[in-house]
1. In the set Val31, Val51, Val95, Val25, which member is β-branched (Val, Ile, Thr) and in contact with a strand residue (DSSP E or B) (Cβ under 6 Å, 6 or more places away or on another chain)?
2. I need a count of the residues in region 61-74 that are surrounded by fewer than 17 Cβ atoms within 10 Å (Cβ to Cβ) and in contact (Cβ under 8 Å) with a residue 60 or more places away in the chain.
3. Among the residues of region 26-39, what is the count of those that are modelled with pLDDT of 95 or more and more than 22 Å from Pro221 (Cα to Cα)?
4. For region 89-145, name all the residues that are among the β-branched types (Val, Ile, Thr), in a loop (DSSP other than H, G, I, E, B), out of contact with any Phe, Trp or Tyr (no Cβ under 8 Å at 6 or more places or on another chain) and within 25 Å of Trp79 (Cβ to Cβ).
5. Can you tell me which residue within region 205-238, out of those that are touching a Pro at 6+ places or on another chain (Cβ under 6 Å) and either in a helix (DSSP H, G or I) or surrounded by fewer than 16 Cβ atoms within 10 Å (Cβ to Cβ) (or both), is modelled with the highest pLDDT?
6. From the list Ala47, Ala70, Ala92, pick out the single residue that is of a type in the set (A, V, I, L, M, F, W, C), at pLDDT below 95 and under 36 Å from the mean Cα position of the chain (by Cα).
7. From Ala159, Ala200, grab the single residue that is surrounded by 20 or more Cβ atoms within 10 Å (Cβ to Cβ), in contact (Cβ under 8 Å) with a residue 60 or more places away in the chain and not hydroxyl-bearing (Ser, Thr, Tyr).
8. Could you tell me which of the residues Gly136, Gly128, Gly120, Gly105 is on the phi > 0 side of the Ramachandran plot and over 39 Å from the mean Cα position of the chain (by Cα)?
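The values are calculated or read from the model by the stated rules, or taken from the named source; none is laboratory data. Just so it is clear, the model here is predicted, and its values are computed rather than measured. Note that we place each Cβ from the backbone using ideal geometry, even for glycine, and neighbour counts take in every protein chain shown.
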Amino acid sequence: MTSRSSRLRSLLGRETLLGLVAVLVLGGVCVALGFWQFGRYEDRRDAAAVVEANYAAAPVPLETVLSDPAEPLASQDDWTPVALDGSYCTEADCVLYVRNRQLSGEVGFWQLVPFRSEDGATVLVVRGWVPQADDGSVPADAPAVPAGELTATVRMRPAEPLLDRELPTGQVHSVHPPQIAALLGLPPSSLVTGAYGELADEEPSAARPAALPAPDTSLGPHLSYAFQWWIFALFFPGALVFNLRQRYQDLAAGEQDAASAGAGPLPAPAADPAATAAETTDLRPRRAVRARRRGHDEEEEDALIDRQAP
């Protein structure tokens, strides 16, 4: 097996397979979150386009938007101004208040009143926002609903879903026309059940609760969030490639070090041939030379010799 194939076998081991699985899972999650944020951006963009097209448009007859009182409001007709000629129901039982509605960060109520038009259709109209009283359970005093014939310009909104909760007297939790029709005893055949109106103007003008603010048409940060998630998704395969490259370089460096260590130490310089031959032919046993201690008699003889010398 060559060094290149051994490196590839090591790189394609269990650690690499686990890293690849992690890249696929985490990258897939980031891509999915990016598409989710992009979908929210598209929803905000489409809703803003509808507001810009309809909010400040000229009022149209109700039949232009809703040919049948029972049909739901089409999404492209949201916020469309509609001119209604008729009168409000001014009886005390007709005036309702929708709970838990905010204006400028303060919680209060919407004043909700049925408006019967001359053509026989009845539309639930939100006349404005009313602050809550000191105890917080009931609305504060609100302007009286104008009596008599008038022209009300309302912007049509889709009906809200039903909230199945206990209803306090004179209050509701959502603008759900079928529930309100049963509560007020309105004939369901003439009631617009798929939509309600937000009051834009009354002619002749009359005192009214605080007007509701214009809808927010900003697109929010969803598009930038989508691109951020997609950039995060690119990080994981990049990290895996970087890790594989580092491991490949480490394996190559290790093999190079192992090859250098396997060559062994450098050979010793050649000895003199003559000396080598003499050492080879002299096979006599060698005895270690030890110094012998001189005796007393030998020392006296050496001293006598020294005195006899001329």
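1. Working: Val31 fails: in contact with a strand residue (DSSP E or B) (Cβ under 6 Å, 6 or more places away or on another chain); Val51 fails: in contact with a strand residue (DSSP E or B) (Cβ under 6 Å, 6 or more places away or on another chain); Val25 fails: in contact with a strand residue (DSSP E or B) (Cβ under 6 Å, 6 or more places away or on another chain).
Of the residues listed, the single one that is β-branched (Val, Ile, Thr) and in contact with a strand residue (DSSP E or B) (Cβ under 6 Å, 6 or more places away or on another chain) is Val95.
2. Kept after step one, since they are surrounded by fewer than 17 Cβ atoms within 10 Å (Cβ to Cβ), are these residues of region 61-74: 61, 63-64, 67-68, 70-72, 74.
Checking the rest, the ones that are also in contact (Cβ under 8 Å) with a residue 60 or more places away in the chain come to 70-72.
So the count comes out to 3.
3. The total comes to 0.
4. Val95
5. Checking each candidate, the answer is Ala207.
6. Numbers: Ala70 fails: under 36 Å from the mean Cα position of the chain (by Cα); Ala92 fails: under 36 Å from the mean Cα position of the chain (by Cα).
Within the list Ala47, Ala70, Ala92, the selection yields Ala47.
7. Working: Ala200 fails: surrounded by 20 or more Cβ atoms within 10 Å (Cβ to Cβ).
Residue meeting the stated conditions: Ala159.
8. Going through Gly136, Gly128, Gly120, Gly105 in turn, the sole match is Gly120.
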